[in-house]
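Student: Handing you this structure, nothing more for now.
Every number in this text was worked out from the coordinates using simple rules, so none of it is lab data. Since the structure is predicted, the reported quantities are computational estimates derived from the model, not experimental observations. When we count neighbours, we look across all protein chains shown, and the Cβ atoms used for this are built from the backbone with ideal geometry, even at glycine.
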Amino acid sequence: MPKPSPWSVALVATLSLSLGGAGLAAGAGAASATPTSAASATSAAASSSPTAFVAPNGHTYDLVTGVTDDPRAAALVARAMASLPAGWQARRQAAVARLGVEASAPREALERAIDPTQYQCAPTRLDAYVGGILAKVDRPTLSKLIGLGALDMPTYDTLLFGSSSDPLYALTKGSRNELTTSFRAAQKFWDTDGSNISLMAMHGDVLRDPARVARVYVVLYGLPQAYAAQLADYVVGLVASDPGLDGGDNPIFTLNAFAFSAEGDPDPLAATIPDKLVFGDGMLDALDAIGVGDVGPRAVIGHEYGHHVQYDKHLFASPLTGPEATRRTELMADAFGTYFVTHKRGLALNTARVLQAEQSFYQVGDCSFTSEGHHGTPNQRLRASTWGASVAAQAQKQGQVLPSLTLDAQFESALPTFVAPDA
């Protein structure tokens, strides 16, 4: 599965920028000035970075690299970094990579890289939707939250601590029956044992609860409890300070759905997490907004359950590497999901409408060809979904459900046609 983006090293830079000197205990008090030569170099590096922004105080801050021309902030960064656990950077990168959660759709929409030279790829309705829900959000605030890892906080909270029996992670009333019925149908449809998979929701209310935010920082990132508590208070306050974020209920925080399994993973943290299929409130909102709310949620369930079939049958393994490997697994999940939702013994949804609703997959196609999280272009994803529906249609007369490994073999044969250039 694609890995989430690493948490930025600039978390303390954002703290120093917004706390105005009160800061964390590690950075409180006066800081020594940065030498002039170092400040000049830092200023040039920060101002030339595409991920940097100029704050109202006139200083430039890069929330990806942590570089700033603010000498006080730079000193706070150095002091705060010194207070973190030994080998923090390596531990941080390992922590976000170890769980293998798909990169969130909002991050992909925010960071979309368009390359039209070979593949037809342009801004989609999802991009327009994301732009709309961010229209009233203060951009410096958003940059700080990205740097602090807060955009994915509901994802990690649900992954690490969510339970289908906990009301905090219950599906919303309006979606519960549809999602649960579709999920149970998938469990019966596939030749895999899905009895250990829990279906649950992801809500943004975690960003109103400092204790829940702090435990993510402690468990996933290894921060000391006291430091994590201060950081959590800051994040919750930052979210509350911007009305556009709606106290964490802005869909940008939960615009994702993902499958997780730690089967065969030797990592002790991953081993404690049961198999899950998580559906974010923001994803439901987005599917409604782009006009596929009638079929889209069930198609997403089909796609994510397709990943669980891959886990169970060890279908992630392939000779491909990097972006091509991720693209293969995502296109397979598109194909498997559509096969299930249109099959006579699956959800038996209207094929024409499902293929229209595959726009819900099309919209999260991307053209970031070199990204480790590359899901495939919109056209590639639509081809894979259309193929899945056609295989289901061919089996309708017999009512036969192909064994998952047989379907995989057919998919592997068809894959080159899915990824062929558009032009």
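Student: Sort 259-267, 312-320 by packing, meaning the average of other beta carbons within 10 Å per residue, with the highest value first.
Tutor: In descending order of packing, they fall as 259-267, 312-320.
Student: Turning to a different aspect of this structure: Please list, in order, the residues from the stretch 250-284 whose amide nitrogen is less than 16 Å from a point placed 7 Å along the Cα→Cβ vector of GLN187.
Tutor: Those under the cut-off are 260, 274-279.
Student: Let's test the formula: R0 of 41 Å, r as the Cβ-Cβ distance of LYS173 and SER390. What FRET efficiency results, to the nearest 0.05?
Tutor: The calculated FRET efficiency here is 0.70.
Student: Past the 28 Å Cα-Cα mark, which pairs from LYS136/LYS276; LYS173/LYS276; LYS144/LYS173?
Tutor: LYS136/LYS276; LYS144/LYS173
Student: With θ set to phi - 60°, apply the Karplus curve 6.51 cos²θ - 1.76 cosθ + 1.60 along the stretch 336-351 and write out the HN-Hα couplings as whole Hz, x wherever there is a Gly or Pro.
Tutor: 5, x, 5, 4, 5, 6, 9, 5, 4, 9, x, 8, 6, 6, 4, 4
Student: Still on this structure, please answer the following. Counting alpha carbon pairs within less than 8 Å and at least 6 residues apart, what relative contact order, in whole percent, applies to the stretch 111-418?
Tutor: About 20 percent, as a whole number.
Student: Sort 131-137, 405-411 for me by packing, meaning the mean count of neighbouring Cβ atoms within 10 Å per residue, highest on top.
Tutor: Ranked by mean Cβ neighbours within 10 Å, highest first: 405-411, 131-137.
Student: Evaluate E = 1/(1 + (r/R0)^6) for ALA135 and ALA420, where r is the Cβ-Cβ distance and R0 equals 51 Å; express this FRET efficiency to the nearest 0.05.
Tutor: 0.85
Student: Same structure again: So how do 293-306, 227-240 stack up, highest first, on mean other-Cβ count within 10 Å?
Tutor: Per-residue mean Cβ counts within 10 Å order the peptides as 293-306, 227-240.
Student: Could you go through the stretch 403-412 in sequence order and give the Karplus-derived ³J(HN,Hα) for each residue, using 6.51 cos²θ - 1.76 cosθ + 1.60 with θ = phi - 60°, rounded to whole Hz, and x for Gly and Pro?
Tutor: x, 4, 6, 5, 5, 4, 4, 5, 4, 4
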